[in-house]
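The values are calculated or read from the model by the stated rules, or taken from the named source; none is laboratory data. None of these values were measured; they are calculated from a predicted model. Positions of Cβ are backbone-derived with ideal geometry, glycine not excepted, and every protein chain shown enters the neighbour counts. To get the accessible areas, we keep the full protein, side chains included, count just its heavy atoms, and leave off ligands, DNA and RNA. Shrake-Rupley method; radii C 1.70, N 1.55, O 1.52, S 1.80 Å.
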Amino acid sequence: FPNTGVFDERKTVLTGNPTRRGFFKNEESKKNDIPIIFITGGSRGSQIINEKVLKVLPQLLIKYKIYHQTGSFDYKKTEQAKSRLPQNLKARYFPSTNYEPSMFEKILKLCDLVISRAGANTVLEIAAVGRSAILIPISWSGGGEQVKNAELLGKTGLARVLSQQSLSGEALLANVEEVFKNPPSNDAKVEARRLVVPQAAKNLAQLV
């Protein structure tokens, strides 16, 4: 991102972050019969996000369908939680240890809301497809980079930023309700897409 203030500007070229081509394909969005939430803590999952989600899972499933990328460590817990759900709610919950990139892309485009960590790749993919987001940045990431990433998307109006210190099942539920009550404007989506550089991979290759 521009203006990070980390590198010597005389030795720096801003290329943008390489992002999968598929995220830039404009596809006709279809209204889901039940709003879809995509919860992801990255490929390894996030134990604290998983824990708080499971505390309010039945309440969420009354209104929403959920795809949940759990990581391998918590997958059994989520499957056990699913087995205890009433039959009608089981059919709305889809936990998975991980998704291959094409499936991740498909679900991100399909969903109405993303609950996620705030790594640069994920933040830019969310921005590219213009999906509402609740971002829970890792507070101890190098130089506070996830917090900065989350705040950058938050400023566009596309994302709400929830600190890990403030994270609870109730806080998560309240933020989800608020997003669906007051969804981001089209202007917020346009502003968020400005963060993404579609030709970033080409810029980087040409520079090398």
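Largest to smallest in accessible area, the residues Asp74, Asp112, Asp187 fall in the order Asp187, Asp112, Asp74 (1.4 Å probe, all protein chains included).
Surface calculation, 1.4 Å probe, protein heavy atoms: Phe24 sits at approximately 60 Å² accessible. Here segment 67-208 is treated with +1 on each Lys and Arg Cβ and -1 on each Asp and Glu Cβ, and its dipole about the Cα centre works out to around 260 debye.
The modelled label-to-label distance for the pair Glu178/Arg194, using points 7 Å beyond Cα in the direction of Cβ, is 2.4 nm. Peptides 5-14, 59-68 ordered by packing proxy, namely the average of other Cβ atoms within 10 Å per residue, highest first: 59-68, 5-14. Within the listed set Ser168, Ser102, Ser116, the residue fluctuating most in the Gaussian network model of the chain (springs between alpha-carbon atoms under 10 angstrom) is Ser102.
Counting only alpha carbon atoms, the long axis of helix 120-129 and the longest principal axis of the chain meet at about 80°. For the chain, averaging the sequence separation of C-alpha pairs within contact (under 8 Å, six or more residues apart) and dividing by the residue count gives a relative contact order of 24 percent.
Once you've got the Cα coordinates, tell me which of Lys31/Lys90; Lys82/Lys155; Lys52/Lys189 are over 26 Å apart. Distance filter (> 26 Å) returns Lys82/Lys155; Lys52/Lys189. For the chain, just say rounded, prolate or oblate: build the C-alpha gyration tensor, square-root its eigenvalues into a ≥ b ≥ c, call rounded for a/c under 1.5, and beyond that prolate if a/b exceeds b/c, oblate if not. It comes out prolate by the Cα gyration axes. Rolling a 1.4 Å probe over the protein chains gives Phe94 an accessible area of about 70 Å². Note that the chain presents 57 Å² accessible area per residue, ligands and nucleic acids not counted, probe 1.4 Å.
When the surface is traced with a 1.4 Å probe over the full set of protein chains, Leu195 keeps roughly 50 Å² accessible.
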